[in-house]
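Every number in this text was worked out from the coordinates using simple rules, so none of it is lab data. Note that this is a predicted model, so its numbers are computed, not measured. Cβ coordinates were reconstructed from backbone atoms using ideal geometry, including for glycine residues, and neighbour counts include every protein chain displayed.
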There are 2 protein chains.
Amino acid sequence: MANYLDQITWNDQGLVPVITQDVNTNKVLMFAWMNRQALTLTLEEKRAIYWSRSRNRLWYKGEESGNIQYVKELRIDCDHDVLLLKVEQIGAGACHTGRETCFYQQWQTGEWIIVEERSVKP
Amino acid sequence: MANYLDQITWNDQGLVPVITQDVNTNKVLMFAWMNRQALTLTLEEKRAIYWSRSRNRLWYKGEESGNIQYVKELRIDCDHDVLLLKVEQIGAGACHTGRETCFYQQWQTGEWIIVEERSVKP
């Protein structure tokens, strides 16, 4: 029987996109990537561990900021190529700018406008 | 002044990932891609129009099913390389399987389990 990792369609870099959502508010917090090792560790340790494409290494979310994400639920889409991770977000939020969510800019008549303030200074 | 399209970091295929969320329930409905034309049309017509990578053409969401998505809000992330589209979902849902959301399978002790039933037959 194929295990759950084999049932994921990994891209040609061995990665799968991950949408991270706050389990309490349902706010979409961020978007990142995982490889097989990151996902395995995420489920073992029950905290979000991504694959950083820019740093080319495992990224223990909150390793510097302390803003850890505790995993509450994991879903996969119909095509088995996107993950949805529901987390309890610790600290000021998910974004490196000090905001709850990375999606703090809104399209308004042709411009991107900041609509959410920082919880803390970055 | 650069316009909002130029402020998006498009990938090497000229695409940007899009997370689509129900504006009323905050449920994450699906994940897809847009190119510049798809995003321009989406904002002009106020309905979701994606780029289908499998069919290599514009994909007017609901063109076959009638399950149109009316655009209520558009956000971009801190890195300007992911979009979050908040929509009013028409019909049975976003998923081609007849479910409200594409994320209807949940990880449970090593297996992907269906946790949401169909609203209608596909």
Cα-based Rg and Dmax for segment A:16-93, where Dmax is the largest Cα-Cα distance (Å): 11.5, 34
Dipole magnitude (debye, nearest 20) for the protein assembly as shown, charges at Cβ of Lys, Arg, Asp, Glu: 20 debye
CD proxy at 222 nm, helix term only [per DSSP H run n ≥ 4: -39500 (n - 2.57); per residue of chain A; nearest 500]: -2500 deg cm²/dmol
Part-to-part distance (alpha-carbon centres) for segment B:17-76 and segment A:62-94, which is given in Å: 23 Å
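Only loop residues by DSSP count here, and only those with at most 14 other Cβ atoms within 10 Å; note down the GluC sites (Glu not before Pro) in segment B:81-122 that meet that.
Values: sites: B:88, B:100, B:111, B:116, B:117; in loops: B:100, B:116, B:117.
Of the GluC sites (Glu not before Pro), the ones in loops of segment B:81-122 whose Cβ has at most 14 other Cβ atoms within 10 Å are B:117.
So which GluC sites (Glu not before Pro) in segment A:17-78 end up in coil per DSSP with only 14 or fewer other C-beta atoms within 10 Å?
Values: sites: A:44, A:45, A:63, A:64, A:73; in loops: A:63, A:64.
Here the sparse-neighbourhood loop sites are A:63, A:64.
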Of A:86/B:46; B:27/B:61; A:46/A:86; A:86/B:61, those spanning more than 23 Å from alpha-carbon to alpha-carbon: A:86/B:46; A:86/B:61
Innermost chain B residue relative to the axis carrying B onto A, by Cβ distance in angstrom: B:26, 2
DSSP-defined antiparallel bridges as percent of all bridges, segment A:16-93, nearest 5: 80 percent
Cα long-axis angle, helix A:36-45 against chain A (0 to 90 degrees, to the nearest 10): 80 degrees
Ranked packing of B:91-99, A:7-15, most packed first, by mean Cβ within 10 Å: B:91-99, A:7-15
Calculated over the protein assembly as shown: convex hull of Cα atoms, volume per residue (Å³): 136 Å³
Whole-Hz couplings from phi, Karplus 6.51/-1.76/1.60, listed for segment A:47-62; x for Gly and Pro: 9, 6, 10, 9, 9, 7, 6, 6, 9, 6, 7, 4, 10, 6, 3, x
